[in-house]
Amino acid sequence: MVWPLLLRLIVLSLPWVPTEAGPGTVRVLAPTQVRGLLGATVELPCRLPPLEHGVRVTQVTWTQRDAAGTDVNVAVFHPTQGPSFPEPGRLEFVAARPGEELRDGSLVLRDLRTEDEANYTCRFAMFPEGSRSASTWLRVLAQPENKAETQEVPLSLLSPGPVLVASCVSSEGRPPARISWSQLDGKANESQVPGHLPGTFTVISLLSLTPSSQTDGRTVTCKVEHESFEEPVLLTMTLAVPYPPEVSISGYDDNWYLGRSEATLSCDVRSKPEPTGYDWSTTKGPLPPSAVAQGSQLLIQTVDASINTTFICRVTNALGTGQAELNILVREEPPNQALQQGLSTENIIILTVGVVVGLVLLGFLIYFRLFRRPRQDQHSSSANGYASYKAVDVNDRSTQDPLTESER
């Protein structure tokens, strides 16, 4: 299981580049960085391209730069004498063999320790080219173990403010893991302590939220990021958070008028744990004589002037107290009666307009029947008479006026 991860880490390393060229054409090929897991095995690649005729390698040397900046020999390979290690057992040349062409000086380092993290230089001594080298930075990683869990909130009186609701721990990581939460409205406190293994770290993140009905039952996610992970680790949990009572008052419909009976107010509560007590009052003090408290309900036996006030419902549970206020406006008469009167007035107006319109239409009808039609009849009669007269005048001259005939 370790080797595939190590191979992926090597592939993800920076490109192979030469770090020292010199006057010749031979260049050493090595990655600028290699990563390995703590306690595992890692390979430090170092190779030469095909050599020109007449060029030969006389020795390969690996050095490690310590904290003081001094280069210390860790491995040497001679073409005829073979390998040499100051600390045998942990180091091994991958491909170099005595008596063979020496172009691959890659080195294997087993059982990685935190102190192995350093800058390593691979140097080829060549004749007649001289020395060529390349450096690789070895990073030693430790993959952390991660867990997240909700925190029990004690049932005690709480001051307003956030409380611890969840924790997320990333243990034994190198370098330290990065932890973040999905809930940006919360407050995360992070701390870091040394791990049990030398050079490792444990990161602890504590999430605090203000207790409320919105907090209880909420899903939160802890995200852990680390160099050794291909993807971030997501740890999801559901919160179980007690909270003080959240109170509202219902039952007032803006139809409370003098003389109304059996009106009721209800004290609606969201609470965890359940409420332990209800207390009804007004901003003026005790309840009016006609108001009777019955647990979460307030029964108004008869609405009178004393009900025209602001009622308060105060609820208590094991964590604290919450309250709500409601202002009551008492009317002199039922709003629905005023509405009915308004509708009657509207009906009267509509009826009056309808009568006026009807009378106007009736007047027009009478006008047309009495005046317009006789004139039309008279005009038709005159026209007919004129036509008859003209007919007589043409066909029978004896019908003309006698006076006119004698004058002729």
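The values are calculated or read from the model by the stated rules, or taken from the named source; none is laboratory data. Nothing here was measured: the structure is a model prediction, and the numbers come from that model. Cβ atoms come from the backbone with ideal geometry, glycine included; neighbour counts cover every protein chain shown.
From the set of residues in the range 282-324 that are assigned to a loop (DSSP other than H, G, I, E, B) and of a type in the set (A, V, I, L, M), which is nearest to the chain's Cα centre (by Cα)?
Once the filter is applied, the top-ranked residue is Leu319.
Look through the range 260-281, keep the residues that are closer than 30 Å to Val153 by Cβ and not in a strand (DSSP E or B), and return whichever of them is farthest from the chain's Cα centre (by Cα).
Among them, the one singled out is Thr276.
State which residue is farthest from Gln143 (Cα to Cα) when the search covers only the range 177-186 and only residues that are surrounded by 17 or more Cβ atoms within 10 Å (Cβ to Cβ) and of a type outside the set (A, V, I, L, M, F, W, C). Quick ask: steps written out before the conclusion?
Just the residues of the range 177-186 that are surrounded by 17 or more Cβ atoms within 10 Å (Cβ to Cβ), to begin with: 177, 179, 181, 183, 186.
Next cut, of a type outside the set (A, V, I, L, M, F, W, C) only: 183, 186.
Working: Gln183: 26, Gly186: 28 Å.
Only one residue tops the list, namely Gly186.
When the range 32-50 is examined, which residues are found to be among the hydroxyl-bearing types (Ser, Thr, Tyr) and touching a Lys or Arg at 6+ places or on another chain (Cβ under 6 Å)? Outline the logic, then answer.
Going through the range 32-50, the residues among the hydroxyl-bearing types (Ser, Thr, Tyr) turn out to be 32, 41.
Listed by number, the list holds a single entry, Thr41.
What is the one condition in (1) of a type outside the set (Gly, Ala, Ser); (2) surrounded by fewer than 17 Cβ atoms within 10 Å (Cβ to Cβ); (3) farther than 30 Å from Ser271 by Cα; (4) assigned by TED's automatic domain parsing to the domain that holds Lys223 that Gln151 does not satisfy?
(3)
Considering the range 255-284 alone, what residues qualify as being of a type in the set (A, V, I, L, M) and at pLDDT 95 or above?
Just the residues of the range 255-284 that are of a type in the set (A, V, I, L, M), to begin with: 258, 263, 265, 269.
Once the filter is applied, which keeps residues that are of a type in the set (A, V, I, L, M) and at pLDDT 95 or above, the range 255-284 yields Leu265, Val269.
Restricting the search to the range 25-53, which residues are over 30 Å from Gly173 (Cα atoms) and touching a strand residue (DSSP E or B) at 6+ places or on another chain (Cβ under 9 Å)?
Hits for the range 25-53 are Val26, Arg27, Val28, Leu29, Arg47, Leu48, Pro49, Leu51.
Taking the range 56-92 as the search range and keeping residues that are among the aliphatic types (A, V, I, L, M) and in contact with a Leu (Cβ under 9 Å, 6 or more places away or on another chain), which one is nearest to Ala118 (Cα to Cα)?
Applying the filter and picking the extreme gives Val74.
Can you pull out every residue in the range 151-201 that is closer than 19 Å to Pro211 by Cβ and in a strand (DSSP E or B)?
Val163, Leu164, Val165, Ala166, Ser167, Trp181, Lys187, Ala188, Asn189
For the range 22-31, indicate whether the set of residues that are of a type in the set (Gly, Ala, Ser), within 19 Å of Pro128 (Cα to Cα), surrounded by fewer than 19 Cβ atoms within 10 Å (Cβ to Cβ) and at pLDDT below 95 is non-empty.
Checked against the condition, which is being of a type in the set (Gly, Ala, Ser), within 19 Å of Pro128 (Cα to Cα), surrounded by fewer than 19 Cβ atoms within 10 Å (Cβ to Cβ) and at pLDDT below 95, the range 22-31 yields at least one hit.
Hey, could you check the range 87-126 for residues that are closer than 17 Å to Arg27 by Cβ, not β-branched (Val, Ile, Thr) and not in a loop (DSSP other than H, G, I, E, B) and say which is modelled with the lowest pLDDT?
Met126
Being in a loop (DSSP other than H, G, I, E, B), among the hydrophobic types (A, V, I, L, M, F, W, C) and more than 53 Å from the chain's Cα centre (by Cα) is the requirement here; does Ala67 meet it?
No, not satisfied.
If I ask for residues that are surrounded by fewer than 18 Cβ atoms within 10 Å (Cβ to Cβ) and in a strand (DSSP E or B), which ones from the range 207-222 would you list?
Ser208, Thr219, Thr221 - these are the residues of the range 207-222 that are surrounded by fewer than 18 Cβ atoms within 10 Å (Cβ to Cβ) and in a strand (DSSP E or B).
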